[in-house]
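Below is one structure, written out as structure tokens, with a few remarks after it.
No value in this document is a laboratory result; all are computed from the given coordinates. Since we're looking at a predicted model, the values are computed, not measured. Here the Cβ is made from the backbone with ideal geometry for all residues, glycine too, and neighbour counts use every protein chain on show.
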């Protein structure tokens, strides 16, 4: 038969291994948003586990339901093209234009570097 470990002992052992676990009080709802649906968990227990500087959230129990993505999310977060400051710098260097103009071209080209450079050169 397996003997359960004392919670105090368990906490000490976790701290020796560089782990720390705390609960989040009074959680009412957790929402996981994907492009196709929202997963809603009402009244769960939530714990934060910290291991080597990383935080992990553990969601336990609660009533789970799935919903279509909310209209608020779509309106609040318009799709932005993904590009970095290095991309902006590269477009500016290749075309001799300002960083601001390079950024505008990248937005217009939906983050496509070649298209942005062509836009600025024409």
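Consider the candidate values [x] 23, 16, 14; [y] 17, 17, 14; [z] 47, 23, 10; state which one is semi-axes √(5λ) of the Cα gyration tensor in Å computed from the structure displayed. So the structure-derived entry is [z]. Across the range 8-75, Cα-Cα pairs farther apart than 13 Å form 70% of the total.
Between residue 13 and residue 38, how high is the FRET efficiency from 1/(1 + (r/R0)^6) when r is the Cβ-Cβ distance and R₀ = 30 Å? Nearest 0.05.
0.20
Distance between the 7 Å Cα→Cβ label points at residue 57 and residue 108: 3.9 nm.
With the simple spin-label model, which puts each label point 7 Å out from Cα in the Cβ direction, the residue 4 to residue 67 separation comes to 3.6 nm.
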